[in-house]
Amino acid sequence: MKDYPLTFRNGHLFVELEGGLWVYDTGAPTSFGETPELPFGGKTFPVAENFMGLTAAELSGYIGIECAGLLGADVINGFDHILDLPRETLTVSTDELQVDGTLVPITDFVMGIPIVTARIADSDYRMFFDTGAQFSFFQDDSISDFPEAGPVTDFYPGAGPFETDTHQVDLCLQDLSFTLRCGTLPGLLGQTLMVADSQGIVGNETMQGRVTGYFPRRSEIYFA
């Protein structure tokens, strides 16, 4: 079992590894960074230089914080994780970890990215659980029924920055209720969700100020 410093800054989660900050991103299939290999959780992993052309330097520019790279599902999914944001600690283990809280089952993985069931306005939707997403996304016309929350700018590997209008969407994961700032993905980005039979992305707003257990090998997420 290993503990690492974990921080939430500029809408993103960062874990400190080898003296550098790495974006902690369950929504990215591939890790990439400035170093060709990375020790994590007692193992050493090869690391690509970029993902879909996005480098660590460009990622730092988009986020506004200098980071050494991004930790994606290819590394994250081999471990149990407890993300304790109040204590600013990430605990990682190849053994099973436990968190007392509400269980949100992972119903599927697409390219290693977890999918959960979210309930919005009495309907169920398949949505990606993405710790790298500072905003959530809801690809349904009913988003216009929710209160407007203004435009935001986000970015996506291979597509760069984009702007979207957002709404305050009431969403439930099991018996947990959230009001999340949701936008819509434009063009081809939105179509990638359709290919996965998914209607949106649940971002890291759900994790702020709480302890989250992410156990991909058991297809479980716990919110304490």
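The values are calculated or read from the model by the stated rules, or taken from the named source; none is laboratory data. Predicted model, so just to flag it, every value in this text is computed and none were measured. Here the Cβ positions follow ideal geometry from the backbone for every residue, glycine too, while neighbour counts run over all protein chains shown. Ligands, DNA and RNA are excluded from the accessible area calculation, which covers all protein heavy atoms including side chains. Shrake-Rupley method; radii C 1.70, N 1.55, O 1.52, S 1.80 Å.
Could you grab the pairs with beta carbons closer than 7 Å, sequence gap of 6+ or different chains, first residue in region 139-153 and open to solvent by 30 Å² or more (accessible area, probe 1.4 Å), second one assigned to a strand (DSSP E or B) and among the small types (Gly, Ala, Ser)?
So the pair list comes out as Gln139/Gly200.
Say we look at region 1-49 and pick out the residues that are closer than 23 Å to Gln134 by Cα and of a type in the set (Val, Ile, Thr); which of these is surrounded by the fewest Cβ atoms within 10 Å (Cβ to Cβ)?
Thr7
Yes/no per residue for (1) more than 28 Å from Val169 (Cα to Cα); (2) at pLDDT below 95; (3) in a loop (DSSP other than H, G, I, E, B); (4) open to solvent by less than 30 Å² (accessible area, probe 1.4 Å):
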| residue | (1), (2), (3), (4) |
| --- | --- |
| His81 | no, no, no, yes |
| Asp95 | yes, no, yes, no |
| Asp100 | no, no, yes, no |
| Val104 | no, no, no, yes |
| Pro114 | no, no, no, yes |
| Ala118 | no, no, no, yes |
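So which residues in region 121-138 are open to solvent by 20 Å² or more (accessible area, probe 1.4 Å) and more than 14 Å from the chain's Cα centre (by Cα)?
Correct list: Ala121, Asp122, Ser123, Asp124, Tyr125, Arg126.
Answer with yes or no whether Val75 is farther than 30 Å from Pro161 by Cα, open to solvent by less than 10 Å² (accessible area, probe 1.4 Å) and touching a strand residue (DSSP E or B) at 6+ places or on another chain (Cβ under 9 Å). Steps first, answer last, please.
On the way: farther than 30 Å from Pro161 by Cα: no; open to solvent by less than 10 Å² (accessible area, probe 1.4 Å): yes; touching a strand residue (DSSP E or B) at 6+ places or on another chain (Cβ under 9 Å): yes.
So Val75 fails the test.
Can you give me the ranges of the strands (runs of 3 or more DSSP E) entirely in region 160-224 with at least 3 residues that are open to solvent by 10 Å² or more (accessible area, probe 1.4 Å)? Full working, then the answer.
Values: elements: 160-173, 176-183, 200-202, 211-215, 220-223.
Counting at least 3 such residues, we get 160-173, 176-183.
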